[in-house]
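Read the figures in this text as sums done on the coordinates, not as results from a lab. Worth saying up front: this structure is predicted, and the values here are computed from it rather than measured. FYI the Cβ positions are ideal-geometry reconstructions off the backbone, even for glycines, and counts take in every protein chain you see.
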């Protein structure tokens with residue numbers, strides 16, 4: 001106990017004063033460049049969220065849509081559909097009269 005005076009020959013017990021409180025261990029805020037540092041952090045978070053959102057949309061929506069389109073074009077009977085639409089008169093460039101009458105191909 002370095003703060004106590006030397007013991008006296010008295011019979012009374014000596015009471016040392018309490019030590020001073022310790023200094024607070026708080027870090028001072030860095031005020032210079034604080035706005036720019038916060039802006040950089042917010043921009044980094046925005047870019048990360050945008051990338052994450054784009055990746056989620058790509059993997060959860062677009063891949064299913066791509067697979068559906070591939071399946072449609074793989075299984076599509078486009079010649080038959082075009083013939084049927086021409087027979088119904090939906091194509092202006094193909095007159096109905098020029099088509100052969102294929103009743104056995106109708107479904």
Report summary line: In nm, the gap between the two label points placed 7 Å beyond Cα toward Cβ at residue 98 and residue 47 is 5.8
**Report entry** Point-to-point label distance, residue 34-residue 85, nm (Cα→Cβ direction, 7 Å offset)
**Finding:** 6.5
